[in-house]
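J.: Got a structure here, written out as structure tokens. Questions coming.
The values are calculated or read from the model by the stated rules, or taken from the named source; none is laboratory data. A quick note: this is a predicted structure, and the numbers were derived from the prediction, not measured. When we count neighbours, we look across all protein chains shown, and the Cβ atoms used for this are built from the backbone with ideal geometry, even at glycine.
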Amino acid sequence: MKPQLSIIIPVVNEAGQLAARLQALQTLRNRCHLLLVDGGSNDDSAKIAKPLVDQILHSPRGRARQMNCGAAQAQADMLLFLHADTRLPDNALNLILQAVADGYQWGRFDVSFDSPQPVFRLIAFMMNQRSRLTGIAPVIRHCS
């Protein structure tokens, strides 16, 4: 069965947090194709990722190069590019599928930071506002 979504994760030296972030994606593995694209890590990123992803690719360093490498090997028609330090909402796949059903061809989730420092809430607010004002991508709403 073809996966509904390919999740492409470009990494370089992300060993410290990679296992926890990839573990959070395990519930999606029966419906998504998880690709890790290593841009030349000199830590254990690929070794840590091996049991937690469907495919590991190696690419020259550079986020765009790594993303393009992953996109070229994706098995699904829908792609999600995910930073290695990012958590998706629990219902991310359903939100994405609903957005596509509503006619959107691309989108983004709002940014938030784990830090309790107020400056990071301000930064997240400004990033999300900039995206809305410039129309860089429609937001995929997090519905409760």
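J.: I need a count of the residues in the stretch 37-73 that are touching a Ser or Thr at 6+ places or on another chain (Cβ under 8 Å) and crowded, with 19+ Cβ neighbours inside 10 Å.
T.: So the answer is 6.
J.: Then there's this: Count, please, the residues in the stretch 9-21 that happen to be surrounded by fewer than 22 Cβ atoms within 10 Å (Cβ to Cβ) and under 22 Å from residue 76 (Cβ atoms). It would help to see each step written out before you state the result.
T.: Taking the stretch 9-21 and keeping what is surrounded by fewer than 22 Cβ atoms within 10 Å (Cβ to Cβ), we get 12-13, 15-17, 19-21.
Going one step further and asking which of them are under 22 Å from residue 76 (Cβ atoms), we end up with 21.
Of the residues in the stretch 9-21, 1 are surrounded by fewer than 22 Cβ atoms within 10 Å (Cβ to Cβ) and under 22 Å from residue 76 (Cβ atoms).
J.: Inspect all residues belonging to the stretch 63-72 and state whether any of them is touching a residue at least 60 places away in the same chain (Cβ under 8 Å) and closer than 22 Å to residue 136 by Cβ.
T.: Residues of the stretch 63-72 touching a residue at least 60 places away in the same chain (Cβ under 8 Å): 70-71.
Applying the additional criterion that residues be closer than 22 Å to residue 136 by Cβ yields 70-71.
Yes; the residues of the stretch 63-72 include at least one that is touching a residue at least 60 places away in the same chain (Cβ under 8 Å) and closer than 22 Å to residue 136 by Cβ.
J.: Right, something else. Of the residues in the stretch 100-127, how many are assigned to a helix (DSSP H, G or I) and either more than 18 Å from residue 8 (Cβ to Cβ) or in contact with a strand residue (DSSP E or B) (Cβ under 8 Å, 6 or more places away or on another chain) (or both)?
T.: Taking the stretch 100-127 as the starting set, the residues that turn out to be assigned to a helix (DSSP H, G or I) are 100-101, 118-127.
Keeping just the survivors that are either more than 18 Å from residue 8 (Cβ to Cβ) or in contact with a strand residue (DSSP E or B) (Cβ under 8 Å, 6 or more places away or on another chain) (or both) gives 101, 118-127.
Qualifying residue count for the region: 11.
J.: So residue 136 clears everything in (1) closer than 13 Å to residue 5 by Cβ; (2) touching a residue at least 24 places away in the same chain (Cβ under 8 Å) except one condition, right? Which one?
T.: Looking at each condition in turn, residue 136 falls short on (1).
J.: Name the residue that is modelled with the lowest pLDDT, counting only residues in the stretch 57-91 that are in a loop (DSSP other than H, G, I, E, B), closer than 12 Å to residue 10 by Cβ and not β-branched (Val, Ile, Thr). So that I can check it myself, show each step before the final result.
T.: Just the residues of the stretch 57-91 that are in a loop (DSSP other than H, G, I, E, B), to begin with: 59-62, 74-78, 82-91.
Then keep just the ones that are closer than 12 Å to residue 10 by Cβ; that gives 59-62, 82-86.
Subsequent filtering for residues that are not β-branched (Val, Ile, Thr) retains 59-62, 82-85.
On the way: 59: 96, 60: 96, 61: 95, 62: 95, 82: 93, 83: 89, 84: 88, 85: 83.
Per the stated criteria, the residue is 85.
J.: Sort out which residues of the stretch 16-56 are in a loop (DSSP other than H, G, I, E, B) and not small (Gly, Ala, Ser), and write them in order of number. Write out each step before concluding.
T.: So the first thing to find is which residues in the stretch 16-56 are in a loop (DSSP other than H, G, I, E, B), and the list is 24-25, 29-31, 39-44, 53-54.
Within the stretch 16-56, 25, 29, 30, 31, 42, 43, 44, 53, 54 meet the criteria.
J.: Considering each of 105, 55, 75, 129 in turn, give the residue that is of a type outside the set (Val, Ile, Thr) and touching a Lys or Arg at 6+ places or on another chain (Cβ under 9 Å).
T.: On the way: 105 fails: touching a Lys or Arg at 6+ places or on another chain (Cβ under 9 Å); 55 fails: touching a Lys or Arg at 6+ places or on another chain (Cβ under 9 Å); 129 fails: touching a Lys or Arg at 6+ places or on another chain (Cβ under 9 Å).
After applying the criteria, what remains is 75.
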